[in-house]
Amino acid sequence: MTDKINELLRRVEEFRPNAAAEIEEFRIRILGKKGELNALLEEFRTVAPELKRELGQRLNLLKTRAAERIAALREELQEAAEEHAAALGDTTRPGTAERLGSRHPISLVRNRIVEVFSRLGYTVADGPEIEDDWHVFSALNFPPEHPARDMQDTFFIEKDPDILLRTHTSSIQVRTMERQKPPIRVICPGRVFRNEAISYRAHCIFHQIEGLYIDEGVSFADMKQSLLYFAKEIFGEQTAIRMRPSYFPFTEPSAEVDVSCNLCGGKGCPVCKGTGWLEIMGCGMVDPNVLQSCGIDPAKYSGFAFGMGIERIAMLKYGVKDLRLYFENDVRFLHQFDEAL
Ligand code: PHE
């Protein structure tokens with residue numbers, strides 16, 4: 001019987017429960033009415049009187065140890081549970097909302113420009129970023145020795161100078177004219193590439209959006225009216241535009257379009273460098289040579305084209321002073337833009 005008592009005592013000491021339910025099970029098995037301790041007490045009645053004193057003490061010890069151990073284990077488990085709960089905090093509290101992403105400012109401005117021109121009947125056209133000389137230069141009336149073809153501006157593929165990264169999205173307009181008969185009214189947004197040193201005002205990758213309108217009897221006045229409408233929609237009703245003579249190989253006559261400075265209202269400020277005007281795009285009447293190259297009869301049709309840098313429009317719209325911010329994708333920058341353009 002001594003062995004049985006010792007064995008049970010050992011099991012009590014070595015008991016390592018994982019859950020409260022295990023402790024309760026153990027308690028019932030050892031201390032319960034039909035438990036092992038009671039079985040031993042039953043047996044105790046029948047032992048010889050001279051052993052009673054010794055065995056009685058051991059049984060008492062077993063009983064108190066078992067009760068103590070069970071109480072201690074319960075407390076331990078309870079503490080661990082409380083610690084765990086404290087680490088989690090109040091699990092019924094409302095969660096913290098994840099901040100939603102926002103659209104990139106370049107996409108916002110592009111979408112807005114597309115939307116304005118779509119109201120004038122323009123549809124979006126797309127084309128490849130890796131182009132050939134014909135679609136970027138030759139069809140657009142660039143003479144073979146024109147400086148814009150120079151390695152300074154254009155990324156060429158070393159093995160084949162006929163393959164290059166488009167330097168403007170005018171290549172999409174060429175592809176559209178080759179494919180489609182007038183009337184043509186397309187807007188061509190896209191990424192363009194120029195071999196320029198990266199600074200706050202220039203990047204080797206940027207975005208353009210160009211437009212083309214070709215039909216019978218399209219005039220310079222139509223162009224001016226369309227671009228004025230565009231400027232007012234983007235920069236506000238009070239916006240005025242002016243056109244300065246310029247040169248592009250693919251348009252004649254050509255012009256640079258300025259909008260009145262929306263910061264100083266045309267009075268002159270640091271942003272417009274005291275002039276009251278901000279340059280936003282190039283434009284012009286499509287050169288008859290270009291129409292001819294693309295299979296459109298210049299005797300019958302005329303048209304205008306325009307092109308602008310999306311980064312530039314976004315900079316003016318949002319007051320962004322460093323072009324590089326558009327490419328770094330710092331969320332602190334990106335979160336400042338929302339759909340309310
Ligand atoms: N393609 C010209 C550029 O990249 C912009 C432009 C387009 C000018 C159409 C006039 C007409 O700078």
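Each value in this text was obtained by applying a stated rule to the coordinates, not by laboratory testing. Fair warning: this is a prediction, and the values are worked out from it, not measured in the lab. Cβ coordinates were reconstructed from backbone atoms using ideal geometry, including for glycine residues, and neighbour counts include every protein chain displayed.
Details
- Dipole of the chain, positive end: most advanced residue of Ser260, Ala19, Asn38 [Cβ charges, Cα centre]: Asn38
- Listed by chain and number, the lysines placed with their C-alpha closer than 19 angstrom to that of Lys33 are Lys4, Lys63; residues fewer than eight positions away on the same chain are left out.
- With the highest mean first, a sort of the peptides 94-106, 209-221 on other beta-carbon atoms found within 10 angstrom per residue produces 209-221, 94-106.
- Radius of gyration over Kirkwood radius for segment 202-341, both on Cα atoms: the Rg/Rh ratio is 1.03.
- Mean separation of Cα contacts under 8 Å (6+ apart) over length of segment 216-256, as relative contact order %: 22 percent
- Between Lys33, Lys159, Lys267, the residue with the greatest mean-square fluctuation in the GNM of the chain (Cα pairs under 10 Å linked by springs) is Lys33.
- Take every Cα pair under 8 Å whose residues are at least 6 apart in sequence, average their separation, divide by the length of segment 136-207, and the relative contact order is 28 percent.
- Eigenvalues of the alpha-carbon gyration tensor of segment 10-133, scaled by 5 and square-rooted, set the equivalent ellipsoid semi-axes at 81, 15, 12 angstrom, largest first.
- Working note: 222 nm ellipticity from helices only, DSSP H runs with n ≥ 4, each -39,500 (n - 2.57), summed and divided by the residues of the chain, gives -13000 deg cm²/dmol to the nearest 500.
- Modelled FRET efficiency - R0 30 Å, Gln292 with Ser118, Cβ distances, 0.05 increments: 0.55
- Centre-to-centre, using Cα atoms only, segment 203-268 and segment 269-299 are separated by 7 Å.
- Choice from Asp258, Asp160, Asp287 showing the highest fluctuation, given a GNM over the chain with Cα pairs closer than 10 Å: Asp160
- Residue with peak Gaussian network fluctuation, the chain [Cα springs, cutoff 10 Å], from Tyr200, Tyr326, Tyr122: Tyr200
- Percentage relative contact order, the chain, counting C-alpha pairs under 8 Å, at least six apart: 16 percent
- Size of charge dipole - the chain - debye, nearest 20, with Cβ of Lys, Arg +1 and Asp, Glu -1, no other charges: 1120 debye
- Separation of the alpha carbons by more than 31 angstrom is noted, of Lys224/Lys273; Lys224/Lys321; Lys224/Lys317; Lys159/Lys181, for Lys159/Lys181.
- Per-residue HN-Hα couplings for segment 80-93 [Karplus 6.51, -1.76, 1.60; θ = phi - 60°; Hz; x = Gly/Pro]: 4, 5, 5, 4, 4, 5, 5, 5, 6, x, 6, 6, 9, 5
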